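The block underneath contains the structure these notes are about, expressed in structure tokens.
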Amino acid sequence: MNDGSSPEGAGPEHCCGDLGTRQSPMPCEMPVWVGTVPNGFSLLQDTRQGPGGAPPGSGAAETVTVDGQNLATDNVSVIEGETATISCRVKNNDDSVIQLLNPNRQTIYFREVRPLKDSRFQLVNFSDNELRVSLSNVSLSDEGRYVCQLYTDPPQEAYADIAVLVPPGNPIIESREDVVSEGNETELTCTAMGSKPAASIRWMKGEEELTGETTVEETYDRMFTVTSRVRFSVTKEDDGLPVDCIIDHPAVKDLLAQRHLEVLYKPEVKIVVTYPDGLTREGDNLDLTCIAEGKPHPHQINWLRVDDDVPPHAVVTGSDLYIENLNKSYNGTYRCVASNAVGEAYDDYILYVYDSRASDGAPQKIDHAVIGGVVAVVMFAILCALIVLGRYFARHKGTYFTHEAKGADDAADADTAIINAEGGHNNSDEKKEYYI
């Protein structure tokens, strides 16, 4: 009588007995019998161990060949909660039995029969060449090495490792401070919790990629928490700019957290002439407006005159400066100064009051280019005149004599020469000119 522990009448010598109608010699190292299944086959459980007590054949997915029969399977990566499919494939099968075992070496499917009570395992396909089984709602406890067995002589095994991927939770991004002043440094921290394997974190500030410092902490059940910190200095252009913490993980796509920077900066100041549109002439009115933008908004705007006092009848109303009945004594530099909690800035306007008859098309100011041109023409004319005079005197050069020289031709000594000269000695062959 069968008590469920061994086949009827079977002893150690029968540990490799018949499997249904197939008469295959089975070595006693094969899995031992643990029960019966329909169609006259025996249910086997593999109790063998490899070196050190590990399951035999530890390694990656593989293909095993015996007498032309190839047993093959593949490793599987599956996201927690989804469905994994294990395929035991045989090429050139000669009706040998295919069996699938779980990491605990328990039979999941023996041919098309499922002895295991876990209903998450379902038969997808069974034929002489394939046993394909699906496992739904995968959890971390399902991770491990599954065994495809083919009862040949010698028997074959191939191994499929199921890796369960756990996506991280929504990332959390935090800032050291809510607002930061321009020129200062800020620090952001992003955390991705509860993932398997560990996630990686990237940072983007607008279109610029930043480099962060990452730490990985292994928590419970081979789960990981990843934290990344990034530091950088900010400018006023960074105000409102998004900073993204992007999570890269094989179990999830497009997972990120975003934070917009809030940057405080000193005012930007610009003076605009509201009136007049053209030249500022004597007797006209002047209306200036100071435009100041900053974060926070400037709380104070002041007008002053550089190196002098503002005219006594000038009127300052908020950001406007109004001066009526201009005269040339008001010439100078007028400055608008705006300040907020970050700092202050200013802009200058140079006032030049023109004569009341000045034309917009011909402002009364010195044209240095015209003056330079006139000077060049005058110098050229003088140079030409000097050249002409020089040539003239060169062509009309004469001979000049002193009193002594005038009588020197016929005199024996100097005294005689002087007497001859006073006597009116005349040399008709030369044209002579004398200095008196």
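The values are calculated or read from the model by the stated rules, or taken from the named source; none is laboratory data. A quick note: this is a predicted structure, and the numbers were derived from the prediction, not measured. A quick note on method: Cβ atoms are made from the backbone with ideal geometry, for glycine too, and the neighbour counts reach across all protein chains shown. Just the protein is used for accessible areas: all its heavy atoms, side chains included, with ligands, DNA and RNA removed. Shrake-Rupley method; radii C 1.70, N 1.55, O 1.52, S 1.80 Å.
For this structure, a couple of remarks:
- Which numbered condition residue 244 fails, given (1) on the phi > 0 side of the Ramachandran plot; (2) in the same structural domain as residue 173 (by the TED database): (1)
- Qualifying residue in region 237-244 (condition: touching a residue at least 12 places away in the same chain (Cβ under 8 Å), of a type in the set (A, V, I, L, M), open to solvent by 50 Å² or more (accessible area, probe 1.4 Å) and assigned to a strand (DSSP E or B)): no
- Apart from one condition, residue 284 fits all of (1) outside the structural domain of residue 183 (by the TED database); (2) free of Cβ contacts under 8 Å to residues at least 40 places away in the same chain; the exception is (2).
- When each of 338, 358, 421 is tested for being open to solvent by less than 70 Å² (accessible area, probe 1.4 Å), modelled with pLDDT of 95 or more and among the aliphatic types (A, V, I, L, M), the lone residue that passes is 338.
- Counted residues, region 265-281 - those being in a strand (DSSP E or B) and open to solvent by 40 Å² or more (accessible area, probe 1.4 Å): 9
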